[in-house]
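The values are calculated or read from the model by the stated rules, or taken from the named source; none is laboratory data. None of these values were measured; they are calculated from a predicted model. Please note: Cβ atoms are built from the backbone with ideal geometry, for glycine as well, and neighbour counts cover all protein chains shown. Heavy atoms of the whole protein, side chains included, go into the accessibility calculation; ligands, DNA and RNA do not. Shrake-Rupley method; radii C 1.70, N 1.55, O 1.52, S 1.80 Å.
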Amino acid sequence: MKYSFFLLILFFSFQTLIAKEKVIAKIPEASGIVYSENSNTLFVVNDEGTIYELSLKGEIKREYKLGTYDLEAITIDEEKNLLLIANEEKDELLVVDIKDFTILNKIKIKGTYQGNKIIKKGKDGIEGLTLYKNKIYASNQSNKPYPKEDSSVIVILDYKMKKKLEIVDIIDHKYKDIAGLTFYKDYLYLISDDANLLIKYDITSKKVVKEYKLSKKYAQEGITFDKKGRLYIADDNGQILKLKINE
């Protein structure tokens, strides 16, 4: 019985590991990444204000300097052919045309929720973005617990084309330093750079489903899945990683 129990523990431990890690591209200070099913490509942004389009093998198809921006996260609206990019320094979203990377709009983010200051201006602001069922989920990078100022939570924004986005709800996940997030098969995946973890989160039950250990040698800044379930990570050290999760 003790031996069987040990094997069971060992089995679940291995389920938390990630296998088949591969560097597919070199992008300086890569800070955000998103997969487009329409084009079957990846869009990547970096801290220097540049956007890239990559093949799934890591080949750079397009590279364009958007401007002097601190770009920290990116997500995609496939129906409207738009990219939504977080400019951390000004707490705003840049709305960008996928075809030619033209900036169509700049939307400010209102950083308060129920009387609490959630998003601090400047550094330690929005670090991750994902669009899911017409709502924007944004990770607010901080080490301070909710509801104190500059809380480390997932804020949910009302996604409408207007001048200011307001927080309509939060997810108090209890983790620190959430640098990236994405949805895959209706689960929210978070990446904690501080803890070197990939976290699978059920937004319906508001519970963590599973944790996956990541290598300590990387500075994980953004995550996305392709349609085959392969995981891509934007590494602030200047790399794009491709991984396969052991489910």
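Table for the structure above
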{"read-out": "Sole exception among (1) closer than 18 Å to TYR146 by Cα; (2) in a strand (DSSP E or B) for ASP194, by number", "value": "(2)"}
{"read-out": "Subset of segment 87-97 [touching a residue at least 40 places away in the same chain (Cβ under 8 Å) and within 12 Å of LEU66 (Cα to Cα)]", "value": "VAL95, VAL96"}
{"read-out": "Selection count where residues are open to solvent by 10 Å² or more (accessible area, probe 1.4 Å) and at pLDDT below 95, scope segment 45-65", "value": "2"}
{"read-out": "Residue in segment 85-93 that is of a type outside the set (Asp, Glu), closer than 19 Å to LYS163 by Cα, crowded, with 19+ Cβ neighbours inside 10 Å and modelled with pLDDT of 95 or more present", "value": "yes"}
{"read-out": "Output for segment 198-237, where each listed residue is assigned to a loop (DSSP other than H, G, I, E, B) and closer than 24 Å to ASN40 by Cβ", "value": "ASP226, LYS227, LYS228, GLY229, ARG230"}
{"read-out": "Close pairs from segment 159-170: first closer than 10 Å to TYR137 by Cα and open to solvent by less than 60 Å² (accessible area, probe 1.4 Å), partner modelled with pLDDT of 85 or more and in a loop (DSSP other than H, G, I, E, B), Cβ under 6 Å, at least 6 apart", "value": "TYR159/ASN134"}
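This table checks each residue for (1) among the acidic types (Asp, Glu); (2) under 20 Å from THR130 (Cβ atoms); (3) at pLDDT below 95; (4) open to solvent by less than 20 Å² (accessible area, probe 1.4 Å).
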{"residue": "LYS26", "(1), (2), (3), (4)": "no, no, no, no"}
{"residue": "VAL34", "(1), (2), (3), (4)": "no, yes, no, yes"}
{"residue": "PHE43", "(1), (2), (3), (4)": "no, yes, no, yes"}
{"residue": "LEU71", "(1), (2), (3), (4)": "no, yes, yes, yes"}
